[in-house]
Amino acid sequence: MNHTTTAGAEILVAGGGPAGSTAALSLAREGREVLLIEKRRENQPKVCGEFVSAEGVAVLRRLGVLEALLASGAVPITRTRLHAVSGDSFDSPLPESAGQSGLGVSRRLLDETLLAFAERAGVRILRGARLVGLSCEGSRWRARILVGGISIQASAIRILGADGRNSRVAALSGVGGSFGSSGIGMQAHLRRRVAPPDRVELLLLREGYAGLAPVETDRWCLGALLPSAGTCEDPYRRLLSSLAVHPEVRELLMDPESHLDHTAAFPVRMGWRGVTPPGLFLLGDAAGFLDPFSGQGIALALLGGEACARAALNPHPFRAVRGYREFLSRELAPRMVVAASLRQLLARPGWAEHLIRIFRQHPRIGRGVVGLTRITGSPGLGSLPRLAGRFLSP
Ligand SMILES: Cc1cc2nc3c(=O)[nH]c(=O)nc-3n(C[C@H](O)[C@H](O)[C@H](O)COP(=O)(O)OP(=O)(O)OC[C@H]3O[C@@H](n4cnc5c(N)ncnc54)[C@H](O)[C@@H]3O)c2cc1C
């Protein structure tokens, strides 16, 4: 280590994904002094299906970021098509939220735009900076951060852990959690030679599932979750062979020039974390990782960023954490329960085909089921997730 230096801030945000940037941006706009650290340098890929649901797009609009994303080519998405391996499919409009539809946008564009807005609002951003130590002394938190060869000691009144599903903030502060099944998350960009459709495809596989969303420039984003296999087989090859049953992607996959890049992350485990100490908040995936099947992870990260910023402004640390905790159990827990249950149903042999047939005969039922995984429950079927969450919240 070359040398040690010190830094101070009212609020330290660890992680510059959608959750951390949204919280930092919201706090800076309230005149707070915020330091955000992000371990990645620019342009590193992130495993994601790159579909933002309407609830997330509504937050992007509130933040004033949506226009910039659309101007850079992000693709409005209003529909989804569910495909079974038998070739049967079901089309449904996606629920809107506050007049917004969904969006196909690469994580590179989304994350960098949010960070740029945060920086413009006055957030100090350290790139290539990794949180490696955390302790609490009285009412202040002390963090140790590594940037290049330099170790920085930073102190802050509030710590916001927005550092993703393998949260270091949670580990360093001793916050446990309850995590269930795991899988391999994968992402590939494929060349798109046609104008972007306003639809995201959800491809059910014999094992796992994949989503195909148009994003800006000339790309499709293929995001997938496969169950962990005990073999050393290359997960990308495994994904390609499972996808070969779907005519929508078969042609794309057979064209060697369409494969632009791919990456995998494993294990990806679903679950949520427990109660945090006063002055420390977990948000986005660090608070709980939802099955990507629902396509709500980014929306929850954005909503969590806003809610966490509001809580962090509360001068009473206990009340702040309690209020934010209520938000999590109201929004996160119900979605996890519904997404996991739906996934389990669709994973049973023959059930996806059976359900898709029912949806085609009774589109209202199909649309109701699509609506179940949304954050903003509407009356009727849409209010079930909230009800489930009341009984099953952490
Ligand atoms: C296969 C797959 C497909 C998905 N598809 C979708 C989809 O289509 N739509 C959707 O809404 N959601 C999807 N998700 C979920 C979505 O990607 C996440 O919910 C979302 O990224 C959460 O945002 P976040 O800001 O909480 O975390 P992240 O985006 O993970 O950001 C955390 C940041 O913290 C940084 N960091 C980590 N450790 C440290 C440290 N020690 N110090 C400093 N910085 C650190 C990381 O570099 C990272 O940038 C998918 C997930 C997977 C696995």
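A few remarks follow.
- Summing Cβ point charges (Lys, Arg +1; Asp, Glu -1) relative to the Cα centre of the range 54-198 gives a dipole of roughly 580 debye.
- Restricting attention to the chain, close to 70% of DSSP beta bridges with both partner residues there are antiparallel.
- Percentage relative contact order, the range 276-351, counting C-alpha pairs under 8 Å, at least six apart: 35
- Accessible surface of TRP220 - all protein chains present, 1.4 Å probe, nearest 10 Å²: 30
- In order along the range 252-264, the phi-based Karplus estimate (6.51 cos²θ - 1.76 cosθ + 1.60, θ = phi - 60°) of 3J(HN,Hα) comes to 4, 6, 6, 8, x, 7, 7, 7, 8, 7, 8, 8, 9 Hz; Gly and Pro are listed as x.
- Interatomic Cα distance distribution for the range 306-364, bins of 5 angstrom, percent: 4, 16, 15, 12, 11, 9, 8, 9, 8, 6, 2
- Percent accessible area from carbon and sulfur atoms, the chain, protein chains only, probe 1.4 Å: 53
- Count Lys and Arg as plus one, Asp and Glu as minus one, and take only other residues whose Cβ is under 13 Å from that of ALA320; the net charge is then +4.
- Look at the dipole of the chain built from charges on Cβ: of ALA98, VAL338, PRO363, the Cα furthest out on the positive end belongs to VAL338.
- Scattering profile of the range 63-155 at q = 0.17, 0.19, 0.20 Å⁻¹ [log10 I(q)/I(0), Debye over alpha-carbon scatterers]: -0.89, -0.97, -1.02
- Computed about its Cα centre, the charge dipole of the range 190-235 is approximately 200 debye, with only Lys, Arg, Asp and Glu carrying charge at their Cβ.
- Karplus-derived 3J(HN,Hα), 6.51/-1.76/1.60, for each residue of the range 324-335, Hz, glycine and proline x: 5, 4, 4, 4, 5, 6, 6, 9, 7, 4, x, 5
- Its alpha carbons give the range 246-365 an Rg and a Dmax of 19.5, 58 Å.
- Using the Cβ-Cβ distance between ASN314 and SER341 with R0 set to 41 Å, the FRET efficiency works out to roughly 0.75.
- Remark: the range 150-157, residue by residue, has Karplus-estimated 3J(HN,Hα) of 9, 9, 10, 9, 10, 10, 8, 7 Hz, where x stands for each Gly or Pro and the curve is 6.51 cos²θ - 1.76 cosθ + 1.60 at θ = phi - 60°.
- The chain - convex hull of alpha carbons, volume per residue in Å³: 141
- For the range 48-154, the list of trypsin sites (Lys or Arg not before Pro) that fall in a loop by DSSP and count at most 10 other C-beta atoms within 10 angstrom is empty.
- The chain, dipole about Cα centre (Lys/Arg Cβ +1, Asp/Glu Cβ -1), debye to the nearest 20: 900
- Residues SER182 and GLU257, FRET efficiency given R0 of 56 Å [Cβ-Cβ distance, rounded to 0.05]: 0.95
- Inter-centroid distance (Cα atoms) of the range 75-146 relative to the range 298-349, Å: 14
- Charge-dipole axis of the range 201-319 as Lys and Arg at +1 and Asp and Glu at -1 on Cβ define it, positive-most pick from GLY304, TYR209, PRO277: PRO277
- Charge-dipole axis of the range 207-341 as Lys and Arg at +1 and Asp and Glu at -1 on Cβ define it, positive-most pick from ALA286, GLY223, ALA265: ALA286
- What the Cα convex hull of the range 1-130 gives, in volume per residue, is 127 Å³.
- Extending 7 Å from the Cα toward the beta-carbon at both ARG124 and ILE358 defines two label points whose distance is 5.7 nm.
- Helical runs assigned H by DSSP (4 residues or longer) give the chain a calculated mean residue ellipticity at 222 nm of -11000 deg cm²/dmol, each run adding -39500 (n - 2.57) before division by the residue total.
- For the chain, accessible area per residue (1.4 Å probe, heavy atoms of protein chains only), Å²: 44
- For LEU82, the accessible surface of its heavy atoms amounts to roughly 20 Å² (probe 1.4 Å, protein chains only, rounded to the nearest 10).
The values are calculated or read from the model by the stated rules, or taken from the named source; none is laboratory data. Quick caveat: nothing in here was measured; it's all calculated off a predicted structure. Here the Cβ is made from the backbone with ideal geometry for all residues, glycine too, and neighbour counts use every protein chain on show. Surface areas here come from the heavy atoms of the whole protein model, side chains and all, with no ligands, DNA or RNA. Shrake-Rupley method; radii C 1.70, N 1.55, O 1.52, S 1.80 Å.
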